[in-house]
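FYI, it's all coordinate maths here, none of it is from the lab. Keep in mind that this is a model prediction, so the values were computed, not measured. Neighbour counts are summed over all protein chains in view; Cβ atoms, including those assigned to glycine, are modelled from backbone coordinates with ideal geometry.
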Amino acid sequence: MTSTPVETTDRPPQAAGSRISDQGTSRVGDKVFLGLSRGSGIAVLVIMGAIAAFLTIRAVIALADNEGNFLTTFEWNANAIPPKFGIAVLAFGTVVSSVIAMLIAVPFAVAIALFVTHYAPRGLGGPLTYVIDLLAAVPSIVYGLWGALFLVPHLTDFYVWLDEYFGWTKILSYDGTAPRSLFTVGILLAIMILPIITNVSREVFAQTPQMHKEAALALGATRWEVIRTTVLPFGRSGVISASMLGLGRALGETMAVATVLSPSALIRPQLLEAGGGTFAQNIASAFKEAGQYGRDALIASGLVLFVITLIVNGAARLIIARRKEYSGADA
């Protein structure tokens, strides 16, 4: 007759109520975390609502006595009696300079992100990433000083070249004045938002599933075909989000634009000629001399910029939500 060996264990005996105690602790932790996360979300909504309410109240006060049409008037003279001001020039300048910045920055940022993640040797990719991170940390006023003292003087020859070959479009005609124009602002903003878009896009591209890339290579795809069929579809939503982050900074940039741009109360279709204005630049330039009513007028223009930013970000979220192929999970 054989005896069955008894399995022994070195674990100390567990108290009868220890499992119940652990479950209770876990539930308390879940409740605390749920409360903190929910409170944080509510706090964000409350802050956004408070900002919107403040801007709206002060804007209504300013618009009550405005002699001009707030949306179509070119002039900005909020300290006059009666005051007359409008955002036509500011809206045009803000949108045009931001669009120019995006057209320049997004292709370069995506190309740099792809190079760092899929083409660059490891010894080069690391230092290049570090330099890009440093560019993102440079203060706006430093970009503005660099733009005013270096970029503006060195753009004259480039503007002359554009006028020679593309002046017939009238949009890129140049009159020979100092290149403190919306196009210069767009170039400077593109340099400023390039690190933001590059860093986010790089992180997204690096998360592409390795099995997807190996499957494409196994089917005989070249490196570019792998990027086109697997990496770009997977990271498309991330690139859109990165672009919206960059656009948000371009729309609200203040000191760099104020340092480079020569403000005027005219809308010029010639983007290379000096003049124009943006919401943030006008607020920074006029706030110091503005009286109480003038400050309310500037706040009214800030409300418009606030609404534009909300619309842009909302549109980006709708694009991502409505297009399933933008989801990396489905790639």
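Between GLN292 and SER264, how high is the FRET efficiency from 1/(1 + (r/R0)^6) when r is the Cβ-Cβ distance and R₀ = 25 Å? Nearest 0.05.
About 0.45, to the nearest 0.05.
Translational D (Stokes-Einstein, µm²/s) of segment 212-274 at 20 °C and 1.002 mPa s when Rh comes from the Kirkwood sum over C-alpha pairs?
So the translational diffusion coefficient is about 137 µm²/s.
Can you work out the FRET efficiency for the pair MET211 and ARG122, with r the C-beta to C-beta distance and R0 = 22 Å, to the nearest 0.05?
So the FRET efficiency works out to roughly 0.50.
Assuming 0.36 nm per residue, please report the length gained on full extension of the stretch PHE166 to ALA53 beyond their Cα-Cα distance.
36.0 nm
Can you tell me the alpha carbon radius of gyration of segment 88-330 divided by the globular rule-of-thumb value 2.2 N^0.38 Å?
1.14
Name the most mobile residue of LEU305, LEU162, LEU63, meaning the one with the largest mean-square fluctuation, in a Gaussian network model of the chain with Cα contacts below 10 Å.
Maximum among the listed residues: LEU162.
So what is the calculated 222 nm ellipticity per residue for the chain, using -39500 (n - 2.57) for each DSSP H run with n of 4 or more, over all residues, to the nearest 500 deg cm²/dmol?
Roughly -21500 deg cm²/dmol at 222 nm, from the helical runs in the chain.
Points 7 angstrom from Cα along the Cβ direction at VAL99 and THR72: gap in nanometres?
Spacing of the two 7 Å Cα→Cβ label points: 2.1 nm.
Given R₀ = 25 Å, what would the calculated FRET efficiency be for THR309 paired with PHE158, taking r from the Cβ atoms and rounding to 0.05?
For R0 = 25 Å, the calculated efficiency reads 0.20.
Starting from 0.36 nm per residue, how many nanometres of slack lie between ALA111 and ALA136 once their C-alpha separation is accounted for?
Full-extension gain reported as 7.3 nm.
Which order do peptides 217-225, 232-240 fall in by mean Cβ count within 10 Å, highest first?
Ranking, from highest mean packing down: 232-240, 217-225.
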